[in-house]
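Shown next, in structure tokens, is the structure this report addresses.
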Amino acid sequence: MYQGIYNGSTKHVPDLDKVLQRGFDAGLQKIFITTGNFEESEKAISLINNLEMTFLDGAPEHGRRLFSTIGVHPTRCMEFQTKFETPSQYMEALKTVFDTNKERVVALGEFGLDYDRTNFCDAETQKKFFKLQLTELGSYTNLPLFLHCRAAAKDLHKILSENKSSWSKGGVVHSFDGTVDEMKRFVELGLHIGINGCSLKTEDSCAMVKEIPITSLMFETDSPWCGIRPSHFSSRFIHTKFESAKKNWNENTMYKQRNEPQTILNILEVVATLKEINQEELSEIVFENTVNVFCPNE
């Protein structure tokens with residue numbers, strides 16, 4: 001979408017540099033480009049290498065600002081059986097990306113389980129290759145986890161619990177939309193809970209977010225997806241409106257219905273209201289939570 005292409009149709013010129021700049025102008029210090037397969041991992045590293053100096057020039061005090069992940073999304077796990085001759089070769093390719101870019105790759109993922117979309121990959125295949133990545137890549141890289149979970153909390157928790165020795169650096173269950181009990185079980189495992197617009201759709205989901213311990217909380221946008229829509233219960237708590245357009249769009253505004261990193265401010269506004277806490281105080285805590293897990297040496 002940041003290349004201006006939507007469902008195969010070109011709508012506008014590429015504007016990723018403008019999108020990232022708006023995010024940094026809004027106060028973000030670091031941005032993670034999450035990937036979902038080997039090809040995306042390579043592209044993300046190339047993108048970071050091409051863009052990094054653009055954003056360092058204006059803020060060298062922040063150090064490195066763009067980071068990536070390595071892993072295979074649950075809906076793409078069939079690739080382990082199709083992209084290379086063997087799953088082992090696929091794993092070796094991911095390890096190579098890590099070995100040659102250790103200063104950029106900060107998490108293992110996005111990986112996990114997605115039982116809402118088994119039309120892309122059946123549950124058993126998802127579990128098989130989630131466990132393979134967790135045990136082999138987890139031990140090899142010693143990276144924190146960036147986890148995907150949709151309608152699969154029980155199985156995800158089980159696999160994580162049974163293989164705790166393979167991951168020692170914690171991680172986050174991102175875009176969390178589960179129940180309070182599911183959230184508490186992941187927190188008890190030592191994981192953080194990532195909140196974006198998909199986590200804030202209903203009154204019940206907002207009630208769940210209110211119960212997340214502040215020390216276990218992370219914010220995200222999952223751009224270009226997962227923005228807070230006007231139909232979401234949480235939209236009533238938003239104070240900052242970002243200019244957007246579609247017909248009369250220009251590169252200095254958001255493209256309507258496409259999410260951007262700068263809207264993380266809306267997540268902060270909503271959660272601060274739900275938890276009845278000062279926004280600045282909450283943002284500092286969540287920032288420290290995130291940096292301590294993913295960028296402890298930055």
Sort 22, 117 by accessible area with a 1.4 Å probe, largest first.
117, 22
Can you give the local net charge around residue 83? Use residues other than it whose beta-carbon is closer than 10 angstrom to its beta-carbon, Lys and Arg +1, Asp and Glu -1.
-2
For the chain, percent of DSSP beta bridges that are antiparallel (nearest 5) comes out at 10 percent
How much net charge surrounds residue 204 when only the other residues with a Cβ under 13 Å from the Cβ of residue 204 are counted, with Lys and Arg +1 and Asp and Glu -1?
-3
Rounded accessible area of residue 73 (nearest 10 Å², 1.4 Å probe)
20 Å²
Structure shown: which of 11/83; 128/210; 83/128; 83/164; 83/201 lie over 25 Å apart, alpha-carbon to alpha-carbon?
11/83; 128/210; 83/164; 83/201
Where nothing but the Cβ of Lys and Arg (+1) and of Asp and Glu (-1) is charged, how large is the charge dipole of the chain around its Cα centre, in debye to the nearest 20?
560 debye
Please report, as a whole percent, how much of the solvent-accessible surface of the chain comes from carbon and sulfur atoms (probe radius 1.4 Å).
48 percent
Run the numbers for residue 5 and residue 203: contour at 0.36 nm per residue of separation, minus the present Cα-Cα distance, in nm.
67.9 nm
Calculate for the chain the 222 nm mean residue ellipticity that helices alone would give, adding -39,500 (n - 2.57) per DSSP H run of length 4 or more and normalising by residue count, nearest 500 deg cm²/dmol.
-11500 deg cm²/dmol
In nm, spacing of pseudo-spin labels at residue 287 and residue 235 (7 Å Cα→C-beta vector)
3.0 nm
Which value in nm describes the separation of the simple spin-label points at residue 95 and residue 277, placed 7 Å from the Cα toward the beta carbon?
4.0 nm
Residues in segment 67-101, backbone N under 18 Å from the label point at residue 168 (7 Å along the Cα-to-beta-carbon vector): list them, ranges by number please.
none
Can you work out the Karplus-derived ³J(HN,Hα) for every residue in segment 118-128? Use 6.51 cos²θ - 1.76 cosθ + 1.60 with θ = phi - 60°, whole Hz, and x for glycine or proline.
6, 5, 8, 7, 5, 4, 5, 5, 4, 4, 4
In debye to the nearest 20, how big a dipole does segment 1-46 give about its Cα centre with +1 on each Lys and Arg Cβ and -1 on each Asp and Glu Cβ?
160 debye
Would you check the accessible area of residue 276, probe 1.4 Å, heavy atoms only, in square angstrom rounded to 10?
150 Å²
Which one, (1) -0.66, -0.79, -1.29, -1.47; (2) -0.74, -0.88, -1.33, -1.46; (3) -0.77, -0.85, -1.07, -1.14, gives log10 I(q)/I(0) by the Debye sum over Cα atoms at q = 0.11, 0.12, 0.15, 0.16 Å⁻¹ as derived from the coordinates shown?
(1)
Mean accessible area per residue over the chain (1.4 angstrom probe, all protein chains present, square angstrom) is 47 Å²
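The values are calculated or read from the model by the stated rules, or taken from the named source; none is laboratory data. These numbers come from a predicted model, not from an experiment. Backbone-built Cβ (ideal geometry, glycine too); neighbour counts: all protein chains shown. To get the accessible areas, we keep the full protein, side chains included, count just its heavy atoms, and leave off ligands, DNA and RNA. Shrake-Rupley method; radii C 1.70, N 1.55, O 1.52, S 1.80 Å.
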